[in-house]
1. By a straight-distance test (C-alpha under 14 Å), which aspartates and glutamates pair with Lys63 as possible cross-link partners, with residues fewer than eight away in the same chain excluded?
2. Can you tell me how much longer the chain between Asp168 and Ser67 gets when fully stretched, taken as 0.36 nm per residue apart minus their C-alpha distance, in nm with one decimal?
3. Rounded, prolate or oblate, given the Cα gyration tensor of region 95-191, with a/c below 1.5 counting as rounded?
4. Computed over the Cα atoms of region 356-406, what is the convex hull's projected area averaged over all directions, in nm²?
5. Kindly report, to the nearest 10 Å², the accessible surface of Glu59 as traced by a 1.4 Å probe over protein heavy atoms only.
6. Of Asp100, Asp255, which has the most accessible area and how do the rest follow, probe 1.4 Å?
7. Across 5 Å bins from the origin, how do the percents of Cα pairs in region 243-439 run, short distances first?
8. Okay, helix-only estimate at 222 nm for the chain: each DSSP H run of n ≥ 4 adds -39500 (n - 2.57), divide by all residues, round to 500 deg cm²/dmol; what do you get?
Amino acid sequence: MNNIKIGKIGIIGLGYVGFISAVGFALKGYKVKCVDILENNVKMANNGEVPFFEPNLRENLGKVLESKRFSASKDYTILKDTDISFICVGTPSLKTGEIDLKYIKSSAENLGKVLGTMDHFHVAVVKSTVVPGTTEEVVLPILEKFSGKKCGVDFSIAMTPEFLKEGDAMNDFLNPDRTVIGASDQRTANLLKNLFMQLGGKILIVRNPRTAEMIKYANNTFLAMKISFINELANISRTIGGIDINEVAQGIGLDQRISGKFLKAGCGFGGSCFPKDVKAIKEFAKNRGYNPILINAILDVNEKQPLIMIKILKEAIGNLKGKKIAILGLSFKPNTSDMREAPSIKIIDQLVKEGVILNAYDPVAIDEAKKLIKGTINYSNSLLNCIKGADACLIITEWDEFRELTPDFFIKNMKEPIIIDGRKIYDFNLFSSKLKYYTIGQK
Ligand code: UDX
């Protein structure tokens, strides 16, 4: 193992993390072989197409396909000559909020079978977000069982959590601020350190995979806590009036122990990570007999936060029945088509129940939205069509396209120029001097 040199890298799972990692490693000069059980993902990848929207990914995929450093297959045996493989499969939530490890288990089983045919040392790394203990207690025994090989002798295991942000994921992979490595032994940790050093950023080697797994949950839970914290203070500030929550965030952000990042109050956090991971660590704690009071509260605040938009809307226009409301932005954040756990879903569901006529516009997420939004709403093909003749407009996602708008644009095109801005994208003084402008945490 001392001589192990990483030439070929295997990526298991062509979802978000796998796709970005595969293209990223290939851009860095490695030969990358990807496996996915979905025919469609494999076909698309080999044809230079990406099944989701992410800036720069498609262009970079084109480059690595051209240089023949990227290939994908449904067949795990293509991993036979790889030196290292990253398990990047999805870890969805069960109905209870607990993590579902079915893809982790099946991919470990398939990798184990190929591992059994390898005549060289291999490093199996878990990159999927998994609850503490999974790499050592679930993945390792499956690999040993299906390969007939021994960890520490024929192969080793490690866990490196991913910290990619959707919309900026390619850049996050190529220029990480840090990489956390938890491995079964020091040599594997050093090997991974050398691999990730090429990308830059700080590298932290921790004592074992389970510590690395916990770091991922701690990271996301902490950031989610900051958001729920500032949202709660924004809600309190609204009851008093005259307080600008942005200034509050700025004020506490100057304390270096706190930092001003992730203190943007709004209509709540969504996405594929925060809601799922906070729920998973909550259930993990509960299953071990610990009631996580603080983590419960993060979720409680976030559950109610989207509905604050409707409360403000009612304060502004009274009874909602039959009113024409424009929704600007559907995805859980800008620069992505991802609708998972997006606050827009909860807001729209409630407005539909209240008998509102809804027009929604999003630059890229409409197709995804149609899959998740149940009630009948109209989807507009342009921003202008969306707000035309509306009684009020709700801004849910802070797309750049919306930031550029002026008060006059709304005054000219809406029936009543009333804006409830869930992301505080406009100058409060300018907008509130010209039209009825409401935000979360500024009154
Ligand atoms: C997050 C983590 O940032 C990333 O490290 C991890 O790997 C995956 O989860 P992502 O889900 O892509 O990334 O989005 P992020 O930009 O972190 O935003 C998450 C949600 O929080 C969005 O809905 C966003 O609107 C909301 N948010 C973020 C706030 O409401 N306020 C803030 O101050 C920051």
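The values are calculated or read from the model by the stated rules, or taken from the named source; none is laboratory data. Everything numeric in this text was worked out from a predicted model, so none of it was measured. Methodologically, a virtual Cβ is constructed for each residue, glycine included, from the backbone with ideal geometry; neighbour enumeration extends over all protein chains shown. Only protein heavy atoms, including side chains, enter the accessible area calculation; ligands, DNA and RNA are left aside. Shrake-Rupley method; radii C 1.70, N 1.55, O 1.52, S 1.80 Å.
1. Straight-distance partners of Lys63: Glu49.
2. 34.0 nm is the gain from fully extending Asp168 to Ser67.
3. It is oblate, given that a/c is not under 1.5 and a/b is not larger than b/c.
4. Across all orientations, region 356-406 yields a mean hull projection of 3.9 nm².
5. Approximately 110 Å² of Glu59 is accessible to the 1.4 Å probe.
6. On the way: Asp100 25, Asp255 45 Å².
Accessible-area ranking of Asp100, Asp255, largest first: Asp255, Asp100.
7. Cα pair-distance distribution for region 243-439, in percent: 1, 7, 15, 19, 19, 16, 10, 7, 4, 2, 1, 0.
8. Theoretical 222 nm ellipticity from helices: -13000 deg cm²/dmol.
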